[in-house]
Amino acid sequence: MRRGTRRGADGRDEIVYRVTCPACGQLGPAIPAEGRDEAAAIAEAIEAWNDMIARLRPLEA
C-alpha cells in the first residue's frame with residue numbers, strides 16, 4: 001500500500017492511496033482520501049486492485 005499525492009485539475013494536491021505489486025511494481029488505481037477515513041480509503045484501494053487484476057486475468061479468478 002502506498003500513500004502519495006497527486007495534483008488535481010484545479011491545481012490542488014490531494015492524498016491518494018494505491019496498491020503496489022511487491023513483485024513487479026505495478027500500480028493499482030489511485031483512490032483519493034478526501035471525504036473518507038484512512039481505513040476506508042485503504043480498503044477501497046485494495047478492492048480496486050482486486051477488480052483490476054480480475055479484469056486482466058479473468059481465467060485465474
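The values are calculated or read from the model by the stated rules, or taken from the named source; none is laboratory data. Keep in mind that this is a model prediction, so the values were computed, not measured. In this analysis, Cβ positions are derived from the backbone assuming ideal geometry, glycine residues included, and neighbour counts consider all displayed protein chains.
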Quiz prompt | Unmet requirement for Ala39, which otherwise passes all of (1) without any contact (Cβ under 8 Å) to a residue 12 or more places away in the chain; (2) part of a loop (DSSP other than H, G, I, E, B) | solution = (2)
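Just to be sure before I move on: is Ala54 part of a loop (DSSP other than H, G, I, E, B), surrounded by fewer than 12 Cβ atoms within 10 Å (Cβ to Cβ), modelled with pLDDT under 95 and hydrophobic (A, V, I, L, M, F, W, C) in the structure I sent?
On the way: part of a loop (DSSP other than H, G, I, E, B): no; surrounded by fewer than 12 Cβ atoms within 10 Å (Cβ to Cβ): yes; modelled with pLDDT under 95: yes; hydrophobic (A, V, I, L, M, F, W, C): yes.
Here the answer is no, as Ala54 does not meet what is asked.
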Quiz item: Any residue at all in segment 2-10 that is out of contact with any helix residue (DSSP H, G or I) (no Cβ under 8 Å at 6 or more places or on another chain), acidic (Asp, Glu) and surrounded by 14 or more Cβ atoms within 10 Å (Cβ to Cβ)?
Solution: no
